[in-house]
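Some notes on the structure that comes next.
The numbers here are math on the coordinates, done by the rules we state, and not lab data. Keep in mind that this is a model prediction, so the values were computed, not measured. Note that each Cβ is placed from the backbone with ideal geometry, even for glycine, and that neighbours are counted across all protein chains shown.
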Amino acid sequence: MSTRTVPISILPSLGVLLLLTGCANIAATPPGTPLPQVIAQFGTPTLQCINRHGQDRVIWSRQPYGQYAWGANLDTQGRVESVVPILTDEHFQILKQGTWSAEQVRCEFGPPAEIEPVGLPSVRQLVWSYRYKQDHVWNSLMYVFMGRDGQQVTKLHPGPDPMYDQEQMAPRF
């Protein structure tokens, strides 16, 4: 059995290469980058759709258990305009502007982590929950209420993510 050794002179180069590839940030993608180039570097989007303004849109999401997602609108040549984090307090505020259908929400934020009915039968609503870092710090869910028929946003609010509740995670003896 033979063993190979790496010459010490290339170790710094290897370290730089590992550092650069480990720190690739999809949000740093330059505007105008062709979508196939972004896909080659970061993988296939979770969702491709037509947004509420008629533009092609792509989403890379870590839902249902991750807390991050990135979205990009494409120009008519299939290049990204910009890739931005979309599961943020600031971006969720867009849902307060105008009327949002369920499909428009999915195209703007990607698939939710959970979809569940809440409330008494007479006032039951369908709620879409997105895991995210509230204020870039707190393990939270953004609850997007979709009305009784599940077709349109009626309200939204953040709350703590019970998945991270230490009491629930602790074994009981």
Using only Cα atoms, figure out Rg for the range 26-169 and give it as a multiple of 2.2 N^0.38 Å.
-> 1.09
Place the peptides 117-124, 149-156 in order of packing, highest mean first, counting for every residue the other Cβ atoms within 10 Å and averaging per peptide.
-> 149-156, 117-124
Report the label-to-label distance for D75 and I115 in nanometres (one decimal), using points 7 Å from each Cα along the Cα→Cβ vector.
-> 3.5
Taking 0.36 nm per intervening residue step and subtracting the Cα-Cα distance, what contour gain separates N51 from Y164 on full extension?
-> 37.4 nm
